[in-house]
Every structure is written in C-alpha cells, then in structure tokens.
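Below is one structure, written out as structure tokens; the observations come after it.
The values are calculated or read from the model by the stated rules, or taken from the named source; none is laboratory data. Bear in mind that the values here come from a model prediction, so they are computed numbers and not experimental data. Because the Cβ atoms are built from the backbone with ideal geometry, glycine has one as well, and the counts that use them run over all protein chains shown. Heads up: the accessible areas ignore ligands, DNA and RNA and are worked out on the full protein's heavy atoms, side chains in. Shrake-Rupley method; radii C 1.70, N 1.55, O 1.52, S 1.80 Å.
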Amino acid sequence: MSDGPAVEGDTRRLSPVSCVATALRELAALLVVAVSGLLISGFNVAVYFTLAGLAMGLLHQAVRWWSFTYTLYPDRLELRHQLVGRSVKSIPLERVRGVDISTSLPHRLLGLAVLRVDAASGGDEGVLDGVTRAEAERLREALLRRRAETGAAEGAAPEEAGPEIIARAEPRWSWYAPLSGAYLLTPFALAGSVLGTAYNLSNEVGLISDGTLSHLGDTVLGLSPLLGVLAAALIVLALPLLSVLVFAWFNWDFQLRSVPNGEAGQGSLLAERGLFTRRSVTLERRRIGGVELRDNPLERTLGVVRLTALITGLGDARHRGRLLPTAPRDIATDVVAEAVGPFKEPLTPHPPAARTRRLTRAVAPALAVAAVAAGTGHPWLAGLALAAAALGVPLGVDRYRQLGHATDGRLLSVRSGSLIRHQEIIEHRAVVGWKLRQSVFQRRGGLATLTVAVGAGEGGYAIIDLDGDGAVAFAGSVTPAWITPFLARQPDPDKEKSPDGPSGDSAQARGAA
Amino acid sequence: MTSLLRPPAHRVSGRAVIKWAADLLVGGAVLTGVSYGFARWTVGARWDFQPVWLPWAVGALSVLAVLVIPLWRYRVHRWEVSADVVYTTVGWLNREWLLVPVSRIQTVDAEQSWLERLLDLATLKISTASHEGSSELTGLPVGIATGLAAQLAHRAHDLRDDAT
C-alpha cells in the first residue's frame, strides 16, 4: 500500500494515519463544542453526545480511508471512491497546473501532508488528504515531471540544476502587516468564524437557549460604559499587534525557490510558507503569464509591496499565486525579474484629459449629493458631502498620477488605482485579445480605455484613459500582426478589405481631439 | 478618436434592428409596469413622495429608446474576420472595439433565441481564455453565423495557441 514500491499504475490508499489526523481535527471542533457547552450551560448530557460523535467520526474516517484509492497512470491520476456507489475522478496529467502541499500542525506531528492537484478547465481539483510526506513529494515530482514531458515545448529559459532560493522573507517583514487592511481585518474574520462555528455547533446540540442568550446580553450591557470604552480602545490598540501575529502565522519563513523539473527544461517556482501549517505551492513557469504588484498609500510611503503571479487556470490565485508577502520593493523587483524577466521601462503617463476625468469621477458624485441635500434642506448632510468632495480632489489627482503603461517588446505593464494601486507586468505572449472602450464622456476628451485580455488572473487589465490614437498604437506595438490589418492610415494591401457599408461611419466621423 | 482604426468591413443584418427593438420593447414594458405598480403602492401607502408621473416618464423613455437605440446600434455594430483576427465594433452611446486573434479562440458558438429564429438571425459567441477577450456578435444572418462558427473553429484548431 502506501509503503509499496513506486510503480506506475499501482493503486494506493492514503496513509492509515490520516484517519487519526482527520479525527484529531474533528476532536478539536468537538472540544470547542464541549468547552462552550461547559461555559454556557454547565456540564451537560451534550458533552456525552460529543464523545459519541467522536467515536462515530473515527468509524466514518476509517470507512472513508478504506473506500478511497488513487492510482497514478502514465497519462492520468485517478481518484476512486468506492463503497456502495462508486465515483472516479480522472485528472489527465497534461491538465495539471500546479501541485500544492500543505501540512497543518497535527499533520506535521504525524508526518502527513495534504496534496492538492490543480487541473485546468472547470476548477477540477483532486485532493489527497493524508499521504506521507515522502509520498507527497514523490507524487508532486511524478505529476509535474510527466506534465513537462507530455506538454508541448514552449519558450522558457533552460534552468540550471538544483533548487535555488530566489527570495526568503525576513521575520521583520511581519511589522509591515498593520499597513495592509487585509491583515488588520483578518483577526476579526477569524474571531467571527470561530464564534460562528462555536455558535452553530452548540446550537445544534441544543446548548444555547434563548435564556442563556439574553443572560449573556445582560452581562455585556451590565458593564459600565467606561469599561466598554476601555475594552473598545484596547481592541483597537491590539489590532495592529494581532495583525502582525496573523501575518507571521501565514507567512513565517516564506521561501520562494526555483525548481528545475522535467527534461523539457521548464522549471517551476515553489513557494513555501506558514508557521504551524506549512503550505507549499508549485507554480509552473510556463503557466506564469505575468505578475501583479499591489500596494496602498501607507505601504507606498514605506516602499513595500505585495507580489502575486498571474497564472492561467489557478483557482484562488490571490492566495496561491503569492510570490512574496508584503516585502521591500527592491526585493520584489528581483523576484519579478526571476519570474517573468526584468522590466525596466519607465511608465508613460496618460494625457491631461485623463486627470480631468479622474478628478470629475472622484468629486462629481459627492458634489451632486451635496447639491441635492442643500436643495432639499439637509444642511449637515450637504456639508458632509462637500467634505467628501474636497477629499476627492487629492484622491483624483493621485489616481491620475498613478496611471501609466509601457512595453519593452517582451513585457507590457499597466498601472492604476490609488487607495489600492496595482501594477501588472504581463508577457506579450499571454495576451489573448484587446478591448477598446470609449464612453460618451471619454469621447469628449478624446480618451479611451484599452483592456488587455489575459487568460490569467482577473482576465483583463484596463489601461484607463489613454488618448484614442495612443491606445491603438500601444496595442499595435505589442501585437502588430493583430492591429496593422485594421489601421486606416497605413493600409496593408494584402489584408485590407474595402468596407461594404457607406463611408463616413460614425466611428470615423470624429477625428482625434 | 481612434481614427487610426478603420471600421470593420461588414454590417450586421438589417433585421437585427427589429430584434433589438423587440428586446427594448419588452424591457421597457416591464419597467413601465413595475414603476406603475410602485407609484400605485406609494399612493396606497400614503407616502409623502407619490410619483404618479413616474410610469409616464419611464414609458416615454422606453418608447424613445425603442425608436432610437436600435438604429443607432445598427450604425455601430460591424464585424470582420481577417486571416487571423476577429474584429468587431459594438455599442451605441458607449463604443467598444474588440480584437480577438483566431489563434487564441477556445470555443465558437452560434446561438439562436426564439425571436432570432423568427427573424432568421443568430448570435455568434467567440470565447477565449479570458472573459474580457471574448466577443459576442448579435444580428448575423443564420447562414453567415453558422458558416463563420465552423470556419473559425476549424482555423482556431489549426492555429491553436490559447496562451493557457
């Protein structure tokens, strides 16, 4: 079984220890129930129920373990669940996009790991919950090697042998955590989900009655207001510290390594992170179509940035495509150079009409609200809206300043946003189309928004408010073969077809402003 | 603007105007009905704000939309399939120019709603790995749409490099 020789096509089961690991996890959940039961209604029959539940859970896990097998064939991985009914999931190896190994604390203690196979099309995903660490590594190697062999050879630089550390997080980066809203709010989200789970579980076993709830309300409301304020202040003060802990929890000893696998010469990037749950994600290099750098104004002042890879067919890309946690910009730049190649081209700013438009969009809605509020006799609301409009001015100006785009012949880059600024660096070969859009308001200023369609990440990245001709020229400089046949001024005699409709079409009626 | 790009070679079928008008008519009727119901309800509930004029305004706007938008659209909607790119323009007030290379196409579908079947029209859906890079062309005559779908699917298969 799981200790047998690594022959292709032999059928294996998960490690038997995995039953224990899953049961342990359920035990933790049951403990929460038991403890909350003790707290809320004292020692109770419900606690015995939880013990019975644990026994049931263990039995269930044993049956699950016995009925689940997986087989690695030369061309596919088959996951088979067979008890009374039967379900077979077959993942063709050429569809494998990445292999993800994670180990939670109980898993680590038992020498186990969870292997997640990411496959293209329809979010098909295979999960092997509980194989030995060695087996996980073997499977990862086999899955990705086969993938590299069956896959068509596409242009990727040949790698030198041996895994090589590209970047490694320093513990002091954890102090950047409070800068990002996401980490500040994570403690809330975690507390919320823990409380929610506890509530649901104890509700299910009948531990919470209306009486205990209203009693709880009395105790909270019974506190003096001063104590309440103090508690609130304490929470606010503790938040940044908590966010540092959460950051460390998820990103402890973050390592990004370059792994050459397969004779085809296509390597992968391997990102590993986590304090208790170690998570390692393998990203195939040929699937990386670009990268995204994100930061907010606070992070900009300290010069730190978050880096993710844009990967085709990767679910949950925002978390799994992570190439660096919040990190100094120069280190991020090095990683970008390693992932997609160096990009040194300065970004071209957008025309002044774009500034007018950014400002209008930031200020006009608030002004409209102010006008309506003043007209209908709500002076304080009008004042509030006016203040918001005033705040919109620096925001609009900064939004304009952050707009930019550039191409260096192999990579193109797009930047926009202010409160969350994001810059994408995208390989030309990853572009799958262009969408040029012009609203009525843009037409007045001679502007247009060019969207780069990419089969990765969010699917498209907008270059906001270029001048119309500049947009066409930019698309043409990235993919000349797709644009030149449709240029009006330099017709290509081979491909040009004369329009059959009447000329003077509205799209042409208006010249460049 | 975009005087650099010439418009695509072909217009969509003139019958598309009828389809768009019918779509707008249905939408306008529903909106007018809803706003009428809302106005009645505010009267019944004795609100301070009783917009009895609302259904009239919505109805008038709907009629205007039915009269203007389809013809306006017809002037804008155009398509062309060159050796390796599908080039379309759509929109009316806001315009869109879409360029999708044949080599990046993943699927091509020609679809017909019941109205389109009556009018002998079809909608061509061209999808790539990206939602933003996928185009939808309404108002093609059925023969042309199915022919294009077959031809594009065939060529996309030959050129396939969908960047995934």
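For residues in segment A:303-344 being assigned to a helix (DSSP H, G or I) and at pLDDT below 90, which is surrounded by the most Cβ atoms within 10 Å (Cβ to Cβ)?
Keep residues of segment A:303-344 that are assigned to a helix (DSSP H, G or I), which gives A:317-320, A:329-339.
Filter once more, so that each one left must be at pLDDT below 90: A:317-320, A:338-339.
Details: A:ALA317: 19, A:ARG318: 14, A:HIS319: 11, A:ARG320: 20, A:GLU338: 17, A:ALA339: 22.
Within segment A:303-344, the match that is surrounded by the most Cβ atoms within 10 Å (Cβ to Cβ) is A:ALA339.
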Residue match in segment A:486-504 (condition: more than 10 Å from every other protein chain (Cβ to nearest Cβ), modelled with pLDDT of 85 or more and part of a strand (DSSP E or B)): no
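Of the residues in segment B:34-69, how many are within 28 Å of B:GLY139 (Cβ to Cβ) and either open to solvent by 40 Å² or more (accessible area, probe 1.4 Å) or assigned by TED's automatic domain parsing to the domain that holds B:VAL90 (or both)? Steps first, please.
We begin by selecting, within segment B:34-69, every residue within 28 Å of B:GLY139 (Cβ to Cβ); these are B:34, B:58-69.
After this cut, where a residue has to be either open to solvent by 40 Å² or more (accessible area, probe 1.4 Å) or assigned by TED's automatic domain parsing to the domain that holds B:VAL90 (or both) as well, the list is B:34, B:60-61, B:63-64, B:67-68.
Looking only at that region, the number is 7.
Restricting attention to segment B:82-109, which residues are under 18 Å from the mean Cα position of the chain (by Cα) and of a type in the set (A, V, I, L, M, F, W, C)?
In the first step, residues of segment B:82-109 are kept if they are under 18 Å from the mean Cα position of the chain (by Cα); the result is B:86-100, B:108-109.
Answer for segment B:82-109, where residues must be under 18 Å from the mean Cα position of the chain (by Cα) and of a type in the set (A, V, I, L, M, F, W, C): B:VAL86, B:VAL90, B:TRP92, B:LEU93, B:TRP97, B:LEU98, B:LEU99, B:VAL100, B:VAL108.
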Selected residue [touching a His at 6+ places or on another chain (Cβ under 8 Å), open to solvent by 10 Å² or more (accessible area, probe 1.4 Å) and within 11 Å of another protein chain (Cβ to nearest Cβ)] from B:VAL90, B:VAL81: B:VAL90
Among the residues of segment A:143-162, count how many are open to solvent by 10 Å² or more (accessible area, probe 1.4 Å), modelled with pLDDT of 50 or more and under 21 Å from A:GLU78 (Cβ atoms). 3
Residue, nearest to the other protein chains (Cβ to nearest Cβ), within segment A:425-440, restricted to residues that are in contact (Cβ under 8 Å) with a residue 60 or more places away in the chain and buried (at least 23 other Cβ atoms within 10 Å of the Cβ): A:ALA430
Under the condition of being more than 7 Å from chain A (Cβ to nearest Cβ) and surrounded by 23 or more Cβ atoms within 10 Å (Cβ to Cβ), which residue from segment B:93-125 is nearest to B:LEU148 (Cα to Cα)? B:LEU124
Please go through segment A:35-63 and give me each residue that is at pLDDT 70 or above, open to solvent by less than 60 Å² (accessible area, probe 1.4 Å) and over 26 Å from A:GLY111 (Cα atoms), ordered by number. A:THR50, A:ALA52
Within segment A:248-274, track down each residue that is out of contact with any Gly (no Cβ under 9 Å at 6 or more places or on another chain), at pLDDT 85 or above and farther than 14 Å from A:ASP100 by Cβ. A:ALA248, A:GLN255, A:LEU256, A:ARG257
